[in-house]
Amino acid sequence: MNEIRHSYHGQLDELRVDVVRLGLMATDAIAAGTDAFLEGDLAAADRVIHADTAIDDLTHSLEERCYATLARQQPMGLRPPHRGGRVAHDPRDRADG
């Protein structure tokens, strides 16, 4: 395998590891949030809310790295112009949310 493809597969492996890590973080946050809700524990709920920043940061990092990795694999003539936006997958990211 040539060096470019080897590098590409290495980047995909790193992305895969972080996607799994993001899933585990989200699963833990859901469990902790559910426990906090059921127990009426405001301090635990506050910890869940503050821990959400790490989930958001990893989500945005993954998204940017995915775009960059894919963009580097396309020939220049086939690359779409950058629109400077992203899909709002979180209701907090929408103007009407």
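If the Cβ limit is 6 Å and pairs must be 6+ apart or interchain, which residue in segment 8-34 that is surrounded by 12 or more Cβ atoms within 10 Å (Cβ to Cβ) pairs with which residue that is part of a helix (DSSP H, G or I) and of a type in the set (Ser, Thr, Tyr)? These pairs meet every condition: Gln11/Thr69. Only one of the listed residues (Arg94, Arg16) is at pLDDT 80 or above and not small (Gly, Ala, Ser). That residue is Arg16.
Thr59 falls short of the stated requirement of being modelled with pLDDT under 95, among the hydroxyl-bearing types (Ser, Thr, Tyr) and within 17 Å of the chain's Cα centre (by Cα).
The values are calculated or read from the model by the stated rules, or taken from the named source; none is laboratory data. Every value quoted in this text rests on a predicted model; they were computed, and no experiment measured them. Please note: Cβ atoms are built from the backbone with ideal geometry, for glycine as well, and neighbour counts cover all protein chains shown.
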